[in-house]
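Data block below; observations after.
The values are calculated or read from the model by the stated rules, or taken from the named source; none is laboratory data. Model, not experiment: these values are computed from the prediction. FYI the Cβ positions are ideal-geometry reconstructions off the backbone, even for glycines, and counts take in every protein chain you see.
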Amino acid sequence: MRHIISVLVENEPGALSRIVGLFSQRNYNIMSLNVAPTDDETLSRITITTFGSDRVIEQITKHLNRLIDVVKVVDLAEAGYIERELLLVKVKAVGVQRDEIKLITDIFRGQIIDVTPSIFTIQLVGTGSKLDAFLEAIDSLLVMEVVRSGVSGIARGERHLSI
Amino acid sequence: MELLSGGDMLLRALQEEGVEHIFGYPGGSALHIYDAIFRQDKIQHILVRHEQAATHAADGYTRSSGKPGVVLVTSGPGATNAITGIATAYTDSIPMVVLSGQVPAERVGEDAFQETDMIGVSRPIVKHSFIVRRADEIPAIIKKAFHIATTGRPGPVVIDIPKNTTAPTEQFPYSYPEKVNLRAYNPSVKGNAKQIKKAVELLLQAKRPVIYAGGGVILGEASDELVEMATLLNYPVANTLMGLGSHPATDKQNLGMLGMHGTVEANTAMHHSDLIFAVGVRFDDRVTNTVSKFCPNATIVHVDIDPATISKIVEAHVPVVGDVKDVLTEMLVQIKASSVKPDETALADWWRQLNEWRERYGLQVTPRYRTGGDKLMPQEVVQMLYKVTEGDAYVSSDVGQHQMFAAQYYLFDKPRRWLNSGGLGTMGYGFPAAMGAQFAHRDANVVCVTGEGSIQMCIQELSTCMQYNLPVKIICLNNSALGMVKQWQDMHYEGRYSEILYEDSLPDFVKLVEAYGHVGIKVTKREELEEKMRECFSLKDRLVFMDVDVDPSEHVYPMQIAPGAMRDMWVSRTERT
């Protein structure tokens, strides 16, 4: 099953490599990885999407917790949560295709954020599966480049990750 | 406030941690540190002959004394040579602090001379690591390193020290922190009260209990509590390879070692048990045999300080995360206070059964190896060693058949007496580990049981032993082949001996050790074994190398049959359980 694991880590050199190393060393999967600073400058937040049995996920969280730099770990999938990912996609857009792509982008509530006479660059935010659906909806022959940010997530309601 | 250079701060901080010995080897990036060593006299530096030996020596010092060992190496090859010893310590959870020199910070990343990314190379085999960015960070980093290495589940910590941070020309105010500030590191010590209560209830209800005790009991200094509990309950104890000595091997409640080359009685008891009380163990694959067939009727209570060890291989029905000593102490209080007492009738039946197995298969009951033949058997050499040292030596081993014979036939009654690379299985560990142990126990008998294969992996340390007058005794069970590999080639490859023979290229070990200034003794016959062994140990202040020719065809038995359950074992070449 797919899980989204959020990790607060000390903003120390090498902390990220310890986490990524742990996944490769113990044969765990990383589907996406997102790292950024938080409002607390001593901490970074890492969001990892992974999949595995409950037992594997339990081991992942235990081993993450064992790292000295890791301050907190939460498996967002344990309760309600919201996930978002940013997609930037550059497509060839000439002639009738321009209207068609604009229409699909509108349907998915994306925005065209850069335009040339032959190219659109589209921005779309949503869950991973929404972004997948969008990429399937447009003609793959037109796609020049795809950039995805990796999943970010946050728990619903009161539940929150902080120290 | 006193002004000190980074190098001097490092030495001062180590002194504050009570460090008495550093095992190391100098080089360019560590020169400032070596100068600081020269200018102080509180810490003794031991110059080894290879960095791998420095780490094993520090490890042997630690295992035999409980005090964290310290290693100092230079950058590049000095650091990478230390890797095997760091991995050895990591796998067996041995606390150790490894200081590695690094090229100056402004050179890092430029592929400078003797530059290697030590933090990166060591990352998967350390509990934690630090890079010194500024000299004034050194005291706090040392404080943190020792705290991390020695608390929770112990392990090695690497500190990478760029040369510029130890320069004698730059001085900073020195003060040693009293407290460690690590918000993300709080290993649990006390077990959860509810879980402990449940564990005690289950323990007291058991009809066929086994206490499965491992290295965690020794690391956690909990042998007294373990012995008290086993005695109070009259429950049998089986030890892992790493746990030998945590419960006295000569105690009648001790079933011996379990696992691949464990005793039949220990493995069979585990298999038929209805309650396994697992203390400071990790259900290693060399213990469990096939996991799906592991102890089919047992409820498993697992006490360990590392939550990641619990239910990693075998699901624990009642996990207790905590320091083994604290948890056992609390359990003892509750057992004594409980109105429920162990089921004596069931226990009497269980002991009858256990004693029957022991009588039939026990290694100490009658010799389980060929006796009276022309050739000396490796087992009888270990038994003679036990007799001559009166069971009171510190014994290290390398890896292979000799290691298993030592584990089976030297009966360890005390913790911290048996030093071996249980998890990583590092050949070359034994001799330098014995050196380290001899530094911790200058007047004790320290013995390295080894083979002619393993000993050659760190044999250069004969020179170190001469320099520091270390009277280590080396007992080389010489079977002229890489015995354990040979055994597997006999059993699984129809005797195709691939690359295990030396074709008459072995050195004359007696002459070799004499060249280093030590004493060599050759033994080829049974009649001379005892006399020569006694002569060896009568030379109190000399290193003695006993090169003992043993039967080259001998296999280690018992041996678990894979795939299979714990109880499925070869008892000899032809007989199985």
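Given the criteria in contact with a helix residue (DSSP H, G or I) (Cβ under 8 Å, 6 or more places away or on another chain) and among the basic types (Lys, Arg), does B:Arg526 qualify? Criteria met by B:Arg526. For the structure I just gave you, tell me whether B:Arg49 is surrounded by fewer than 20 Cβ atoms within 10 Å (Cβ to Cβ), free of Cβ contacts under 8 Å to residues at least 40 places away in the same chain and not hydroxyl-bearing (Ser, Thr, Tyr). So B:Arg49 does not fit the description; no. Being within 14 Å of chain B (Cβ to nearest Cβ), over 20 Å from B:Ser311 (Cβ atoms) and surrounded by fewer than 14 Cβ atoms within 10 Å (Cβ to Cβ) is a property that holds for A:Ser17.
All told, B:Leu385 falls short of being in contact with a Ser or Thr (Cβ under 9 Å, 6 or more places away or on another chain), over 12 Å from B:Asp59 (Cα atoms), outside the structural domain of B:Leu244 (by TED's automatic domain parsing) and in contact (Cβ under 8 Å) with a residue 12 or more places away in the chain.
Of the helices (runs of 4 or more DSSP H) lying entirely inside segment B:185-279, those containing at least 3 residues that are of a type in the set (Lys, Arg) are B:193-205. For segment B:435-454, how many residues meet the condition of being surrounded by 24 or more Cβ atoms within 10 Å (Cβ to Cβ) and touching a helix residue (DSSP H, G or I) at 6+ places or on another chain (Cβ under 6 Å)? Going through segment B:435-454 one residue at a time, the tally reaches 8.
Results for (1) more than 14 Å from chain A (Cβ to nearest Cβ); (2) surrounded by fewer than 21 Cβ atoms within 10 Å (Cβ to Cβ); (3) at pLDDT below 95, shown as yes or no for each residue.
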| residue | (1), (2), (3) |
| --- | --- |
| B:Asp323 | yes, no, no |
| B:Thr329 | yes, yes, no |
| B:Gln353 | yes, yes, no |
| B:Thr371 | yes, yes, yes |
| B:Pro378 | yes, no, no |
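Among the conditions (1) part of a helix (DSSP H, G or I); (2) more than 14 Å from chain B (Cβ to nearest Cβ); (3) β-branched (Val, Ile, Thr), A:Ile60 misses just one, which is (2). Only one of A:Arg26, A:Arg55 is within 14 Å of chain B (Cβ to nearest Cβ), farther than 26 Å from B:Ile131 by Cα and loosely packed, with under 15 Cβ neighbours inside 10 Å; which? Criteria check complete, one pass: A:Arg55. Here is the figure for segment A:116-153: residues that are surrounded by 11 or more Cβ atoms within 10 Å (Cβ to Cβ), without any contact (Cβ under 8 Å) to a residue 12 or more places away in the chain and under 15 Å from A:Lys92 (Cα atoms) total 0. If the condition is being surrounded by 22 or more Cβ atoms within 10 Å (Cβ to Cβ) and away from chain A (no Cβ under 11 Å), then segment B:123-140 contributes B:Val132, B:Ala135, B:Ile138. Among the residues of segment B:285-314, the ones that are surrounded by 18 or more Cβ atoms within 10 Å (Cβ to Cβ) and assigned to a loop (DSSP other than H, G, I, E, B) come to 10 in all. The single condition among (1) outside any helix (DSSP H, G or I); (2) surrounded by 18 or more Cβ atoms within 10 Å (Cβ to Cβ) that B:Gln364 does not meet is (2).
Just to verify a result, which residue in segment B:284-313, among those that are over 17 Å from B:Asp568 (Cβ atoms) and among the aliphatic types (A, V, I, L, M), is farthest from the other protein chains (Cβ to nearest Cβ)? Here the residue is B:Val301. When each of A:Thr42, A:Thr38 is tested for being more than 14 Å from chain B (Cβ to nearest Cβ) and at pLDDT 95 or above, the lone residue that passes is A:Thr38. Quick check on my filter: what residues within segment B:33-49 are assigned to a helix (DSSP H, G or I) and either closer than 24 Å to B:Gly60 by Cβ or in the same structural domain as B:Ser463 (by TED's automatic domain parsing) (or both)? Within segment B:33-49, B:Ile33, B:Tyr34, B:Ile37 qualify. The residues of segment B:414-458 that are hydrophobic (A, V, I, L, M, F, W, C) and part of a helix (DSSP H, G or I), listed by number, are B:Phe431, B:Ala433, B:Ala434, B:Met435, B:Ala437, B:Phe439, B:Ala440, B:Ile455, B:Met457. Determine whether B:Ser480 is within 17 Å of B:Asp551 (Cβ to Cβ) and hydroxyl-bearing (Ser, Thr, Tyr). The answer is yes for B:Ser480. Does segment A:81-102 include one or more residues that are closer than 25 Å to B:Phe130 by Cβ, in contact with a strand residue (DSSP E or B) (Cβ under 6 Å, 6 or more places away or on another chain) and away from chain B (no Cβ under 12 Å)? No, the conditions are met nowhere in segment A:81-102.
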